[in-house]
Amino acid sequence: MPSQLTNRLGAWLTFLDAHGIEGLSGSGFDWIGIDLQHGTATLDGLPGLLRACELNRTPALVRTSGHSAAEIGRALDAGAAGVVV
């Protein structure tokens with residue numbers, strides 16, 4: 001049986017602002033992408049950003065700055081639904 005694909009709408013963010021992410025996650029997006037590679041967001045600020053997404057039950061994907069297993073692990077440990085490397 002073929003799987004049915006559905007379109008998902010997400011927002012890709014490059015800034016470090018939990019209030020902005022909280023607003024976007026409550027606006028009907030299916031996912032939020034947080035860019036640690038090209039934006040101002042950092043691993044240290046990531047837990048707060050992910051908590052803002054969790055308030056509205058919006059999954060967050062995190063783009064890491066590289067392929068470091070430690071950085072990927074920290075993003076997942078902080079609560080990311082997935083990572084983009």
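Some values worked out for this structure:
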| quantity | calculated |
| --- | --- |
| Of residues in region 64-76 being part of a loop (DSSP other than H, G, I, E, B) and more than 13 Å from Ala41 (Cβ to Cβ), the one least open to solvent (accessible area, probe 1.4 Å) | Gly66 |
| Residue under evaluation Gly79, criteria (1) at positive phi; (2) open to solvent by 60 Å² or more (accessible area, probe 1.4 Å), criterion not met | (2) |
| Condition broken by Thr6, with the remaining ones in (1) surrounded by fewer than 16 Cβ atoms within 10 Å (Cβ to Cβ); (2) β-branched (Val, Ile, Thr); (3) modelled with pLDDT of 90 or more satisfied | (3) |
| Candidate set: region 22-63, residues that are in contact with a strand residue (DSSP E or B) (Cβ under 6 Å, 6 or more places away or on another chain), of a type in the set (A, V, I, L, M) and in a helix (DSSP H, G or I); chosen: the one surrounded by the fewest Cβ atoms within 10 Å (Cβ to Cβ) | Leu24 |
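The values are calculated or read from the model by the stated rules, or taken from the named source; none is laboratory data. Values in this document were obtained by computation on a predicted structure and should not be read as measured data. Counting neighbours? That spans all protein chains shown, and the Cβs are built from the backbone with ideal geometry, glycine included. Heavy atoms of the whole protein, side chains included, go into the accessibility calculation; ligands, DNA and RNA do not. Shrake-Rupley method; radii C 1.70, N 1.55, O 1.52, S 1.80 Å.
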